[in-house]
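One structure is given below, encoded as structure tokens.
The values are calculated or read from the model by the stated rules, or taken from the named source; none is laboratory data. From a predicted model like this one, the values you see are computed outputs, not experimental measurements. Quick reminder, even Gly has a Cβ in these numbers, built from the backbone with ideal geometry, and neighbours come from all protein chains shown. The accessibility values were calculated without ligands, DNA or RNA, using every heavy atom of the protein model including side chains. Shrake-Rupley method; radii C 1.70, N 1.55, O 1.52, S 1.80 Å.
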Amino acid sequence: DGWDDILDKRREWSAWYSGDASKLADVYSSKVYTPTPRGAFWATDTHEERRVMLHVPIAGDIAATSADLLFSEAPKAQIPEAHQEGAPAGATATQERLDQLIAVGGVHNRLLEAAETAAALGGVFIGPVWDTDVASYPILRVVQADAAIPEFAWGYLRAVTLFRVIEDDGETVWRHIERHEPGFILHALYRGTHDNLGRRVALTQKPETAGLQEIVQ
């Protein structure tokens, strides 16, 4: 509740960022933009009108430039004790391990990706994941702002609900809901429609969620 206007706006920004003319036409021709005057540049309905349109994907270029300026150099993550005179062996070993994880996990590239989507959509979520079927070390996951509903208290992030569509056959939509709150990560699978979350079902009903636990403490 209360997020419809925000998610609609982010859908619009996402269409501009994608540089896909058909997505722009779909956004501005949808019921969300009913007040848009018929005949406005992207509010057209016919294939013939869309065929002659020209779109310059400058939004994506601006977002990429913003990310490059923010992370033109890879940030340094340091263990303070490891850089003091007579540093203990444990601190030095920890710094070496941290440097290794940053390198093999492609952290700089992930930060560039996050910064670019944040510039386009007004925000981004970054968090660690660890899947031993993919890698033997933790990696950073980037979740775009149009796939998350955050909750704030006094300006601090207190919880966030992430969502993704696993399958959409045109009628039935399967969604994975992942909620992060202090001390817990909650997973759920829902079978619904495009405009309705639907009914919660067992995580084992889809291979994408079969290996997840409902509650992770």
note = Diffing segment 188-204: the Karplus 3J(HN,Hα) column from phi (6.51, -1.76, 1.60, θ = phi - 60°), in whole Hz with x for Gly and Pro, holds 8, 10, 10, 10, x, 10, 5, 10, 9, 4, x, 9, 6, 10, 5, 4, 6
Per residue value of the accessible surface for segment 98-209 (all protein chains in place, 1.4 Å probe), Å² = 59
message = At 0.36 nm per residue, and after removing the present C-alpha to C-alpha distance, how many nm does the segment from Ala202 to Ser22 gain when stretched out fully?
response = 61.2 nm
ask   = Quick one: length gained pulling Ala103 to Leu186 fully straight, 0.36 nm per residue minus the C-alpha distance?
value = 26.9 nm
message = Students sometimes get this wrong: rank Val143, Val104 by accessible area, probe 1.4 Å, all chains present, largest first.
response = Val104, Val143
remark   = Note: probe point = Cα of Tyr156 + 7 Å toward Cβ; backbone nitrogen < 19 Å; residues of segment 180-195 passing the test are 180-185
note = Note, Ala103: beta-carbon cut-off 13 Å, +1 each Lys/Arg, -1 each Asp/Glu, net +1
request  = Might you work out the accessible area of Asp5 for me, using a 1.4 Å probe with all protein chains in place, and round it to the nearest 10 Å²?
outcome  = 120
message = Can you give me the angle between helix 58-70 and the longest principal axis of the chain, using Cα atoms only, in degrees from 0 to 90, rounded to the nearest 10?
response = 10
request  = Give me the Kirkwood hydrodynamic radius of segment 169-217, using the inverse of the mean 1/r over all pairs of distinct Cα atoms, in Å to one decimal.
outcome  = 11.4
task = Could you tell me what percent of the accessible area of segment 136-217 is made up of carbon and sulfur, with a 1.4 Å probe and every protein chain present?
result = 52
inquiry  = Could you compute how much accessible surface Trp13 exposes when probed at 1.4 Å, giving the result in Å² to the nearest 10?
reply    = 100
ask   = Roughly what would the spin-label model give for Glu73 and Ser30, points 7 Å off Cα along C-beta, in nm?
value = 4.2
inquiry  = Keeping all protein chains in place and using 1.4 angstrom, which order do Lys9, Lys76, Lys206, Lys23 fall into by accessible surface area, from largest down?
reply    = Lys76, Lys23, Lys9, Lys206
query = Sorted by accessible area (1.4 Å probe), largest first, how do Ile215, Ile177 line up?
reply = Ile215, Ile177
query = What would the Debye formula give as log10 I(q)/I(0) at q = 0.17 Å⁻¹ for the alpha-carbon point model of the chain, no solvent?
reply = -1.39
request  = Count charges around His176 for me, please; just the other residues with Cβ under 15 Å from its Cβ, Lys/Arg as +1, Asp/Glu as -1.
outcome  = +2
ask   = What is the projected area of the convex hull of the Cα atoms of segment 81-183, averaged over all directions, in nm²?
value = 10.3
